[in-house]
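Presented below is the structure to which this report refers.
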Amino acid sequence: MPDTSAPSESFHGHSHTAAPPPPGVELRHDWALAEVRAIYSMPLLDLVHRAQTVHRSVFQDNKVQLCSLLSIKTGGCSEDCAYCPQAARYKTGVKAEKLMAVPEVLAAATKARAAGATRFCMGAAWREVKDGPQFDSVLEMVRGVRALGMEACATLGMLTDSQAKRLREAGLDAYNHNLDTSPEHYGDIISTRTYDDRLKTLNRVREAGISVCCGGIIGMGESVDDRCNLLRTLANQEHHPESVPVNALVAVEGTPLAEQPRIETVDMVRTIATARVLMPQSMVRLSAGRQQMNEEAQLLCMMAGANSLFFGEKLLTTGNPEYGQDMALLEKAGIRPLEPRREG
Ligand code: SAM
Ligand code: DTB
Ligand code: SF4
């Protein structure tokens, strides 16, 4: 059997030159809302079965990509994203910090690699990237992470064409920039930038030859149609994002969404399974909110097609399951970490 561990995401980006999908797996970019809703609303076990069938025809069984996350610039952000503990305008207890120094970041990446991470994602609480010494440091971090043999990913806010190009030249493999929710619900969550701004940055990332990591958050008071419209928007792009993070809202005190009730497991599973069916070749990442889920819920998400996790005791500013706990879960379920996809 050929190695189909992650056919859509080559180590050097350029995903749209990826191998064609295996027989029986169709890549569509013309989903109607009613079709997505029909998938999302299937009887749960039928839906999970369908997603698992798609999953197994594309990916190696029982493998999960382990990604490590580091906040290289925490807090003090000018944006008003209603979910975010790092927005300066909300009193959340997250203090604004300066950009971390390059050696500190590379020390964290080295530690993450030793723990088994194959992808290192660096996050900055910026509205957009500004050219200058800070961006130069980030480029240095990207080069350093690549030199460690890991996939390098960053999430730094909006980018210009030239910044995307420079990140690519530094070796950046993937860029995370989430649409977060449906176009219809977006205005209730963020007012300081538009959906179209997000799509523009995503196009610049794609144009520069960097893999796109784009997903959203559920549990922000959205309707089922909002969830379906988010997934539809992602799937109807000219190229599916190579990674699709599905976050469950971590409701943080001080943010406008602090009182949102926790999302039910079944909703998380439905969202992940629908993402898997719509975007068969993408890595679907079970992202924020795992600390609030029990082991069975996480395994159900993996059965529904999630094949990537953030591991390490912290996400950006909030908690994540402990390393030992995650390793024990994977071990008892017979799930192995996906090896890095280096090409030399
Ligand atoms: N500032 C950049 C941006 O907004 O693109 C990069 C960092 S931002 C924190 C990355 C993503 O984290 C957001 O797009 C959002 O999807 C996710 N996120 C932030 N706070 C979250 C929360 N409380 N719960 C779940 N996901 C969250
Ligand atoms: C993504 O979709 N989820 C990650 C990553 N991309 C950057 C971030 C989750 C952040 C959760 C809230 C926090 O820890 O601050
Ligand atoms: Fe800033 Fe990103 Fe948080 Fe929005 S999600 S407030 S842009 S750090």
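If you go through segment 237-270 one residue at a time, how many are crowded, with 17+ Cβ neighbours inside 10 Å and within 13 Å of ligand 2 (Cβ to nearest atom)?
The qualifying residues number 13.
So which residues in segment 110-148 are open to solvent by 50 Å² or more (accessible area, probe 1.4 Å) and away from ligand 3 (no atom under 16 Å from the Cβ), if there are any at all? Steps first, answer last, please.
Taking segment 110-148 as the starting set, the residues that turn out to be open to solvent by 50 Å² or more (accessible area, probe 1.4 Å) are 110-111, 113-114, 127-128, 130-131, 133-134, 136, 140, 143, 147.
Across segment 110-148, the qualifying residues are Thr110, Lys111, Arg113, Ala114, Asp131, Pro133, Asp136, Glu140, Arg143, Ala147.
Among residues belonging to segment 280-336 that are more than 16 Å from ligand 1 (Cβ to nearest atom), open to solvent by 30 Å² or more (accessible area, probe 1.4 Å) and touching a strand residue (DSSP E or B) at 6+ places or on another chain (Cβ under 9 Å), point out the one that is nearest to Ala112 (Cα to Cα).
By that ranking, first place goes to Glu313.
For segment 64-87, which residues satisfy the criterion of being closer than 10 Å to Ala125 by Cβ, part of a strand (DSSP E or B) and not aliphatic (A, V, I, L, M)?
Scanning segment 64-87 gives Ser71, Lys73, Cys77.
Listed residues His16, His55, His12; which is away from ligand 1 (no atom under 16 Å from the Cβ), at pLDDT below 90 and assigned to a helix (DSSP H, G or I)? Give the derivation first.
Values: His55 fails: at pLDDT below 90; His12 fails: assigned to a helix (DSSP H, G or I).
Unique residue meeting the criteria: His16.
Identify all residues within segment 199-223 that are in contact (Cβ under 8 Å) with a residue 40 or more places away in the chain, under 21 Å from Ser308 (Cβ atoms) and either within 13 Å of ligand 1 (Cβ to nearest atom) or of a type in the set (Ser, Thr, Tyr) (or both); write none if there are none.
Val205, Ser211, Val212, Cys213, Gly215, Ile217, Ile218, Gly219
Show the residue pairs that are 6+ apart or on different chains and have beta-carbon atoms under 9 Å apart, the first residue being within segment 153-173 and assigned to a strand (DSSP E or B), the second being of a type in the set (Phe, Trp, Tyr) and within 15 Å of ligand 3 (Cβ to nearest atom).
Taking only residues 6 or more apart or on different chains, the pairs are Cys153/Tyr175; Ala154/Tyr175; Thr155/Tyr175; Met158/Trp126.
Which one of Met150, Met220, Met141 is over 16 Å from the mean Cα position of the chain (by Cα) and closer than 22 Å to Met268 by Cβ?
Met220
Do you know which residues across segment 96-155 are among the hydroxyl-bearing types (Ser, Thr, Tyr) and either more than 22 Å from His177 (Cα to Cα) or within 15 Å of ligand 2 (Cβ to nearest atom) (or both)?
In the first step, residues of segment 96-155 are kept if they are among the hydroxyl-bearing types (Ser, Thr, Tyr); the result is 110, 118, 137, 155.
Residues satisfying the conditions are Thr110, Thr155.
Which of the residues belonging to segment 19-52 are assigned to a loop (DSSP other than H, G, I, E, B) and of a type in the set (Asp, Glu)?
So the first thing to find is which residues in segment 19-52 are assigned to a loop (DSSP other than H, G, I, E, B), and the list is 19-32, 41-43.
Within segment 19-52, Glu26, Asp30 meet the criteria.
Answer yes if at least one residue in segment 158-174 is among the aliphatic types (A, V, I, L, M), away from ligand 3 (no atom under 12 Å from the Cβ) and touching a strand residue (DSSP E or B) at 6+ places or on another chain (Cβ under 6 Å), and no otherwise. Lay out the reasoning, then the answer.
Of segment 158-174, the ones among the aliphatic types (A, V, I, L, M) are 158-159, 164, 167, 170, 172, 174.
With away from ligand 3 (no atom under 12 Å from the Cβ) added as a condition, the list becomes 159, 164, 167, 170, 172, 174.
Still in the list and also touching a strand residue (DSSP E or B) at 6+ places or on another chain (Cβ under 6 Å): 172, 174.
Scanning segment 158-174 turns up at least one residue that is among the aliphatic types (A, V, I, L, M), away from ligand 3 (no atom under 12 Å from the Cβ) and touching a strand residue (DSSP E or B) at 6+ places or on another chain (Cβ under 6 Å).
Among the residues of segment 199-228, count how many are assigned to a helix (DSSP H, G or I) and open to solvent by 20 Å² or more (accessible area, probe 1.4 Å).
Here is the first cut: in segment 199-228, the residues assigned to a helix (DSSP H, G or I) are 199-207, 224-228.
Among the residues that remain, those that are also open to solvent by 20 Å² or more (accessible area, probe 1.4 Å) are: 199-200, 203-204, 206-207, 224-227.
Residues meeting the conditions: 10.
The values are calculated or read from the model by the stated rules, or taken from the named source; none is laboratory data. None of the values given here were measured: they were computed from a predicted structure. We place every Cβ from the backbone using ideal geometry, glycine too, and count neighbours over all the protein chains shown. Just the protein is used for accessible areas: all its heavy atoms, side chains included, with ligands, DNA and RNA removed. Shrake-Rupley method; radii C 1.70, N 1.55, O 1.52, S 1.80 Å.
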